[in-house]
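Okay, so here's the structure we're looking at.
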Amino acid sequence: MYFPITDVTVNPIFLAGVGFLVGLLGGFFGVGGGFLAGPMMFLIGVPMNFVVGTDLAHMTGKSIVAARRHRVLGHVDIRLGLLMVLGTVPGIEIGARIIEGLESTGNIDMVIGIAYVVILLAIGTFTAWESLRALQLVRTERMDAHEAIAFEGVTRQVRRFRLPPIISLPASGIEAISLWVILGVSFLTGLLAGVLGVGGGFIRMPLMIYLLGVPTHVAVGTDLFEVVISAGFGTVTHGLKGNVDVLMALVMGTGAAIGAQIGAVSTRFFAGPRIRLFFSVLPFTGATLVILRLLGVLGGH
Amino acid sequence: MKNPVVRKMIGNFLIELAIYAALVVAYFFVVLRLLGEPLNDLFSSNLTLYAFLALALIVAQAVLLEAVTSFIMGLLGLDQLE
């Protein structure tokens, strides 16, 4: 099928297949999936500027489907999602400006790439270690399998920070937490996402669980809700720069819709630690793809 | 796959995929081909309108497809998975 906006001919079944795969991962893990869809689109000849914008557009649609399904399952904390947007958006903006400033002083792509790989490897290693430990606790101490976390000490420390206003998040089972903690965590994830040039689901989902103490299933659904807003915002800003092929995004969306539904429903069959253990594979995959890109195998930005 | 309930659900799921695939193929050839030229013209002439229309189309498609898949899932009893 010929896509006149990007001026490329791509098999629509392949695009729908990529959408399905990314939708499945997004529905299950609550991530945007740009780390996977981007390189795949680039490999089939989509120009890099269109890869970023079109991926954001497709991510918006896929996240709407998955977030609606998670909402039906009771996995979305809308209040938390909206509060996190307040920290994420300025974080992304400041992160992007830091990069602009640094780029004017020289080529920093390699430095960002290495930082990205280090962060991904740290998240993947930590999540794998923690979820394996939580699964062990479930076996040996008969902890509640649904939400066993082997890292609760840090969550308790974070909750001790009591600077007003103190709010409650019943949908996440949080009785009292300082608004500043939520804004700080979301700003940090936004800042990292802006500096690294990614959506941030990789970073946000584990931080929601380990720092805020949000149950894994709710963290997945709430992250998707936030992705809808941030990716939607990104679609318009990239669209204004002429970086979005909406036809391609619509084709990808057809596959993503069914993948996201399956992914979201599948979370019902797995306990929190198991989801986190599966999730830990994603940062390693992302790190491998970045290393390949740094080595020139997958092309540059 | 000894459990007949699981077997029936997998069967229903494959039927859902087949129905969905047929709908998507029809969608490719009717809607997307019709939209191709007007969207390309808009991309060249008015990028601001194009950007907002792109978001509206993505949202509309997502809501529509979510409703279609939910309807088929309900029709085939797959919503009981929830």
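For the reader, a short list of remarks on this structure follows.
- Taken together, A:PHE14, A:PHE28 contain a single residue that is surrounded by fewer than 20 Cβ atoms within 10 Å (Cβ to Cβ) and either touching a residue at least 24 places away in the same chain (Cβ under 8 Å) or not in a helix (DSSP H, G or I) (or both), which is A:PHE14.
- Scanning the stretch A:38-48 for residues that are in a helix (DSSP H, G or I) and at pLDDT 80 or above turns up just one, A:MET41.
Yes/no per residue for (1) among the aliphatic types (A, V, I, L, M); (2) surrounded by fewer than 23 Cβ atoms within 10 Å (Cβ to Cβ); (3) assigned to a loop (DSSP other than H, G, I, E, B):
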| site | (1), (2), (3) |
| --- | --- |
| A:ALA176 | yes, yes, no |
| A:VAL181 | yes, yes, no |
| A:LEU188 | yes, yes, no |
| A:VAL218 | yes, no, no |
| A:GLU226 | no, no, no |
| A:SER230 | no, no, no |
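- Annotation: A:MET1 fulfils all but one of (1) without any contact (Cβ under 8 Å) to a residue 12 or more places away in the chain; (2) facing another protein chain (nearest Cβ under 10 Å); the unmet one is (1).
- Residues of the stretch A:244-285 that turn out to be within 26 Å of A:PRO12 (Cβ to Cβ) and buried (at least 24 other Cβ atoms within 10 Å of the Cβ), as a count: 20
- The stretch A:239-262 residues that are more than 24 Å from B:VAL30 (Cα to Cα) and at the interface with chain B (Cβ under 7 Å from one of its Cβ atoms), paired with ones that are among the charged types (D, E, K, R) and in a loop (DSSP other than H, G, I, E, B) (beta carbon under 8 Å, 6 or more apart): none
- Restricting the stretch A:152-167 to residues that are within 24 Å of the chain's Cα centre (by Cα) and surrounded by fewer than 16 Cβ atoms within 10 Å (Cβ to Cβ), the residue that is modelled with the highest pLDDT is A:VAL154.
- Taking the listed residues A:ARG97, A:ARG79, the one that is more than 19 Å from A:THR237 (Cβ to Cβ) and either modelled with pLDDT of 75 or more or touching a strand residue (DSSP E or B) at 6+ places or on another chain (Cβ under 9 Å) (or both) is A:ARG79, with no other qualifying.
- Residue count for the stretch B:56-65, restricted to those that are within 8 Å of chain A (Cβ to nearest Cβ), surrounded by fewer than 21 Cβ atoms within 10 Å (Cβ to Cβ) and not β-branched (Val, Ile, Thr): 1
- Criterion violated by A:ALA66 - all others in (1) more than 14 Å from every other protein chain (Cβ to nearest Cβ); (2) surrounded by 21 or more Cβ atoms within 10 Å (Cβ to Cβ); (3) within 17 Å of A:GLY232 (Cα to Cα) satisfied: (1)
The values are calculated or read from the model by the stated rules, or taken from the named source; none is laboratory data. The structure displayed is predicted, hence computed values, not measured ones. All Cβ positions, even for glycine, are placed from backbone atoms using ideal geometry, and neighbour counts span all protein chains on display.
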